[in-house]
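The values are calculated or read from the model by the stated rules, or taken from the named source; none is laboratory data. For clarity, every value in this text was computed on a predicted model and none was experimentally measured. Positions of Cβ are backbone-derived with ideal geometry, glycine not excepted, and every protein chain shown enters the neighbour counts. What goes into the accessible areas is simple: the full protein's heavy atoms, side chains included, and nothing from ligands, DNA or RNA. Shrake-Rupley method; radii C 1.70, N 1.55, O 1.52, S 1.80 Å.
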Amino acid sequence: MLDSPYRTDLALIHDAGFGHFAAGAARMMVRELQRRGVKDGTVIDVGCGGGIASKIVDDHGYNVLGMDLSESHIQIARRRVPDGEFSVGSYLDQTLASSVAIMAIGEIFNYGFDPRCDRHTFRKFIVGVFQALKPGGLFLFDIAGPDRAPDRPTQTYRDTDDWTVLVETSSNADRLTRRIVTFVREGRRFRRDAETHQLKLFSPTQVVDDLRETGFEVSELDRYSDVEFPVGLHGFLAVKD
């Protein structure tokens, strides 16, 4: 079993303070499905986090299957979407069910939590995505490209009454590292925790080539609904012919 990232405190902070990205993606997914006349069916949420996107999809009448390496995130998702089916584990170990859409929002394929994850396994995974999707099915996701890496280490923070998160971001070759320190209120005190996340950066041009070679029609995105991407994040809407 792989170590669980996004432990209790970081999962709470990520869910409470950074859910707008997943929500924008889910709104876009629902709109695209409905525009194509697809009003029901299974949607798979790869790296579902706390189920923010899954909840929106579920509210519009689709069946939701979610997966994430974080046990804490899955606990949140199960509370948020009681009708959904959620599992803890790497997407590389999942058998994808027949579905009308698959989404992977928030640099899911870049994360190095599972050491097997690289561009080779990504190519194999999208073949599985293509096979699992019904004709006309949608694959919505984003990746961090080389331009996601800062020229020099950067530090950012976000502070609320109940929690604070501090992030130092650095890069080396094709890898980006985030050192994350969290403080969560526990009564009159704050509990401290820290995690280090490493991301492998992919060329968006090569990702487009991989998708087209698999058989997808591909549109490149710069936003999900009204949520614009930060520099270096690249989105894709791939359609199975």
Open item on the list: Restricting to region 201-210, give me the number of residues that are in contact with a Lys or Arg (Cβ under 8 Å, 6 or more places away or on another chain) and open to solvent by 30 Å² or more (accessible area, probe 1.4 Å).
Closed with: 1
- [ ] Output the number of residues of region 143-170 satisfying the condition of being under 22 Å from the mean Cα position of the chain (by Cα) and crowded, with 19+ Cβ neighbours inside 10 Å.
- [x] 7
Task: Considering residues of region 12-38 that are surrounded by fewer than 20 Cβ atoms within 10 Å (Cβ to Cβ) and without any contact (Cβ under 8 Å) to a residue 40 or more places away in the chain only, the residue nearest to residue 182 (Cα to Cα) - done: 18
Task: Residue in region 70-90 that is modelled with the lowest pLDDT, counting only those that are among the polar types (S, T, N, Q) and open to solvent by less than 30 Å² (accessible area, probe 1.4 Å) - done: 90
Open item on the list: surrounded by 19 or more Cβ atoms within 10 Å (Cβ to Cβ) and within 22 Å of the chain's Cα centre (by Cα): is that true of residue 140 in this structure?
Closed with: yes
Task: Residue under evaluation residue 66, criteria (1) over 15 Å from the mean Cα position of the chain (by Cα); (2) surrounded by 24 or more Cβ atoms within 10 Å (Cβ to Cβ), criterion not met - done: (1)
TODO: Look at region 39-59 and say how many of its residues are open to solvent by less than 10 Å² (accessible area, probe 1.4 Å), part of a helix (DSSP H, G or I) and within 17 Å of residue 75 (Cβ to Cβ).
DONE: 2
- [ ] For region 215-234, indicate whether the set of residues that are within 21 Å of residue 137 (Cβ to Cβ), in a helix (DSSP H, G or I), free of Cβ contacts under 8 Å to residues at least 40 places away in the same chain and more than 15 Å from the chain's Cα centre (by Cα) is non-empty.
- [x] no
Open item on the list: If I filter region 91-110 down to residues being hydroxyl-bearing (Ser, Thr, Tyr) and at pLDDT 95 or above, which single residue comes out as farthest from residue 145 (Cα to Cα)?
Closed with: 98
- [ ] Please state which of the following conditions residue 213 fails to meet, knowing it meets all the rest: (1) surrounded by 15 or more Cβ atoms within 10 Å (Cβ to Cβ); (2) within 30 Å of residue 37 (Cβ to Cβ).
- [x] (1)
